[in-house]
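Report on the following structure.
The values are calculated or read from the model by the stated rules, or taken from the named source; none is laboratory data. No experiment lies behind these values; they were computed from the predicted model shown. Note that we place each Cβ from the backbone using ideal geometry, even for glycine, and neighbour counts take in every protein chain shown. SASA here: full protein model, heavy atoms, side chains in, ligands and nucleic acids out. Shrake-Rupley method; radii C 1.70, N 1.55, O 1.52, S 1.80 Å.
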Amino acid sequence: MTISPDFNLTEKLQQFRNSLRPGQQKLADWEGGQMAVSAVPGSGKSHSLAVAAAMVISRYQLHPRKQLVIVTYTRSAAAGIKAKIKECLQELRLPQTGFIVQTLHGLALNISSHHPQLSNLNLETATIVIPTPSHPIIRTAVEQWITANPQLYQLLLEGSQFDGEETERLRRQSVLRTEVLPQLAHIIVREAKSSGLSAQQVAEFNQHSTDHYNILLIGSGLYEQYEKVMRSLDFIDYDDMILASLKVLENPAIRQIWQQQVFAVFEDEAQDSSPLQERLITLLAGDSRLSNNTPNLIRVGDPNQAINSTFTPADPVYFNWFCETCKLQNKLAIMNQAGRSSEVIIKAANFVLNWVNEQWQIDEVINQKSEIRSSFYDCDLSQQSSPDNQNNIQLNKRNNGIEFENIEQFLVKNNRPFRPQNIKLVEKNDPQPNPQSVGQGVEIYAPEDIYQTVELISDRVVKLLKNSPEHRAAILVRENRQGRFLVEQLADLPKEHGIKVYEVSEADRFCQIPEEILKILQFIDRPHSPEYLKSALEILEKRDLIAAQDLNALVTYPENFLYPTPLVKEPKKQVVQARRYCCNLLKAKLELPSYQLIPFLGMTLKYTGAELATVQKLSDRIDKQITGKNSLKNTIAILKEIVNVEGFEGVEEDSEERYTKANQLTIITMHKAKGLDWDYVFIPFLHEDVLPGKPWVPTAAKFLGDFTLAEVARAQIRAAVHSKCINQDIVDKIPEPLAAWKEAGQLKKAEEYRLLYVAMTRAKRLLWMSAANSGPFRWSTFTGDKNINLQPKVPCPMLPILQAQLNQLEQF
């Protein structure tokens, strides 16, 4: 690369640093060792991480044999950070080398595959699966456990009380086999493996619990059976990849080789790390040749955006602890300035954070051993709370021998829902100034019912995008069924107003490609079936490969459609086109081996980009399972299992721009919305039974007690792991079932409020929220039929409190 003689790298690096905000500059000034960066929503952490990475690469002249490793959690996030680093290096006129960006599982796979003898993973034959409670592997493990443990199973059958009636016994057997035990196995395996615990260690935890059912002992047995089934089929899950990479790095010589190639590790979205993942990057970032072995490790995240802990083993407490450790070493950086949202939206988000912390049942968490002021914060939205002032408040209370010096430390150690970290406005001369509000900035409504809610949203969206078609809007929902309801009700929006409605559903995670491939293969296998022929034609029509037409007329007599005789009337042009596609599919069956059919269908259906990558991933997965018994029928059988039971994670798009297009109304879940933003954000259906909601016991399983075994086991394992992490004795730390169930409720409540906080901070100019006076009893069973009576609904407890604050302040 030719560098102009008037180019000054030192000056350019200084310009890079000066372009960052004060909190971001601490990241750029890093000179080694551990550092934690706690960043608020919209603070530009990914951008500053990329700038800091480029500065480190330049400062230490990194190269492919000594490089910076950046890890994150999704392929799209990895692609985004990689592009930003390359852009920075280009500005510095440096080669675009010296770094690698990977997902955590991609990193683990890379380490494991280089040392198959140590990792015991043969990726040529192993198949990666994502077991769900309904997965055949889980079901098989349950049946094998029942056979091996008749006494424990009998204890579950008897429940809290049992009169021996045969019909009730059969009912309970069905509930245990199909619901209770599969759920317990799923939770135990996920929680234990991600924490690096073996089945034997889980069984040892049970010795410190005296619950009637021996839940952790049952869980350890299910875990053991699960591992046996996985090994017998040569299957692995994602935690196996992490464990295998750790097994490789346990070898001192191999570990030193990897550490010599790694200058440092930067982690993004650190609040979503499990203990196992944290251990992996800490090992990789260390240097075993040094006496203290302090890792060169920067972890960037926001514990207040930890929204995955109720369905993944991630827990914000671990990143909070890392932040506190770094704070004691003066290695904690705070990114609290954000230019994404208008001032009123930021104040509303800060209010929710502080209000939830204040309302939390503090006496319950610390077992009523300390007396603490009932209010920590000034919740008046007209004044911004100062974290510096908060840190000066001395509690001087003791709990279990620990003295808490300030509110922040107290909340962290007692696992409050939020870290006390308010969002601040950026400086007036910031390159990304806070935008001006539209309307009142934050607006709260109470429509009569969910149908009036849709009308209000529709009218407002039309007016907003008509005035500013370059702007973007989104409706954030808590459940996928709410999203489908909105799509149905807003069906006229594209036709009447030219505004595209784009639904981002769960289908984005468990993609529909396997189902499409299955339907085509079923047609190829049995072309004379009207059902299979119609399914294939529907897919061709959906992919715009054939013209829209009356498919029922074509499938009435499949033989006449596919192979017409001279007596059949000459069909229309679109019918001939459809026949040609179908005949080509049947011809492929004769000319291609079955293992080539799926890639062929990917090309025939004109999949592109990530779709083709998903097809190849699916094809590879099936090829491994049918090795030695390759046939079309076996392929179809495996696809049926994937579609009907397992689900299949497609390869992600590298870009998320399709979610945030101008003049588009995106309907997306709150979870999926994380990391995105829109000018106008609508959050309807904010009812107490949904947010925060509460754990509930299915009626069929109430014979076991007023709790579910799965949630009790989750809370018990986390209590044990937390005790281990802070070197406390596990004895007396594992809660009994009712206490664990209560803890599970607190966990869900905390996460739901963090989810609301994430949703609110997606808005730039307008945050519109509502809770209708009436809605469906339960969204999961709601069909959208207007003839179904709606139920009176109670709003989320936070909503009327926030509304009252808004009404009091004129500037709102």
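In the chain, a dipole from Cβ-located charges (positive for Lys and Arg, negative for Asp and Glu) runs towards its positive end, and of Cys796, Gln183, Asn251 it is Asn251 whose Cα lies farthest in that direction. Rounded to the nearest 20 debye, the dipole magnitude of segment 107-203 is 280 debye, with +1 charges on Lys and Arg beta carbons, -1 on Asp and Glu beta carbons, and the Cα centre as origin.
Count Lys and Arg as plus one, Asp and Glu as minus one, and take only other residues whose Cβ is under 15 Å from that of Pro41; the net charge is then +4.
Remark: relative contact order (segment 755-794) = 40 percent; criterion is Cα-Cα distance under 8 angstrom and separation of 6 or more residues.
Computed from point charges on the beta carbon alone (+1 for Lys and Arg, -1 for Asp and Glu), the dipole magnitude for the chain about its Cα centre is near 1700 Debye. Here the gap between Glu649 and His212, fully extended at 0.36 nm per residue and compared with their Cα-Cα distance, gives a gain of 153.4 nm. With the Cα gyration tensor of segment 1-149 giving a ≥ b ≥ c as the square roots of its eigenvalues, does the rule (a/c under 1.5 for rounded; else a/b larger than b/c for prolate; else oblate) give rounded, prolate or oblate? The shape class here is prolate. If a/c stays under 1.5 just call it rounded; otherwise compare a/b with b/c (prolate if a/b is bigger, oblate if not). Do that for segment 661-788, with a ≥ b ≥ c from the square roots of the Cα gyration tensor eigenvalues. Oblate, because a/c is 1.5 or more while a/b does not exceed b/c.
Carbon and sulfur together cover what percent of the accessible area of segment 297-353 at a 1.4 Å probe radius? After summing per-atom areas, the C and S share lands at 53 percent.
Amide H to amide H distances under 5 Å link Phe235 with Thr127, where only residues 5 or more positions off or on other chains count and H is placed in the peptide plane. Of the accessible area of segment 1-149, computed with a 1.4 Å probe over protein heavy atoms only, carbon and sulfur atoms account for 51 percent.
Farthest towards the positive end of the charge dipole of the chain, among the residues Ala771, Leu425, Leu521, is the Cα of Leu521, using unit charges on the Cβ of Lys, Arg, Asp and Glu. Tell me the net charge near Ser19. Cut-off is 12 Å between Cβ atoms, Ser19 excluded, with +1 for each Lys or Arg and -1 for each Asp or Glu. Within the 12 Å Cβ shell, the charges total +1. Taking the DSSP bridge list for the chain and keeping only pairs wholly inside it, about 15 percent are antiparallel. Projecting the Cα atoms of Thr660, Thr699, Phe648 onto the charge dipole of segment 618-719 (Cβ charges, centred on the Cα centre) puts Thr699 farthest toward the positive pole.
Sorted largest first by accessible area at a 1.4 angstrom probe radius, with every protein chain in place, the residues His114, His497 fall in the order His114, His497. Rounded to the nearest 500 deg cm²/dmol, what is the calculated helix-only ellipticity per residue at 222 nm for the chain, with -39500 (n - 2.57) per DSSP H run of length n ≥ 4? Per the formula, -15000 deg cm²/dmol.
Placing +1 on the Cβ of every Lys and Arg and -1 on the Cβ of every Asp and Glu, with no other charges, gives segment 455-586 a dipole of roughly 260 debye about its Cα centre. Would you work out if the chain is rounded, prolate or oblate? Take a ≥ b ≥ c from the square roots of the eigenvalues of the alpha-carbon gyration tensor; rounded if a/c is under 1.5, else prolate when a/b is larger than b/c, oblate otherwise. Rounded is the answer for the chain, as its axis ratio a/c remains below 1.5. Look at the alpha carbon pairs under 8 Å that are at least 6 residues apart: their mean separation over the length of the chain gives a relative contact order of 18 percent.
What the chain shows is 45 Å² of accessible area per residue, with the surface traced by a 1.4 Å probe over protein heavy atoms.
Nonpolar atom fraction for segment 566-647, defined as the carbon and sulfur part of the 1.4 Å probe accessible area, stands at 56 percent. State which stretch of the chain is the longest one without any exposed GluC sites (Glu not before Pro), exposure meaning a DSSP loop state and at most 16 other Cβ atoms within 10 Å. Between the exposed loop sites, the longest stretch runs 471-687. For segment 253-302 versus segment 622-638, the spacing of their alpha-carbon centroids is 41 Å.
From the alpha carbon centroid of segment 740-812 to that of segment 166-185 is 34 Å. Based on Cα contacts under 8 Å between residues 6+ apart, segment 463-575 shows a relative contact order of 14 percent.
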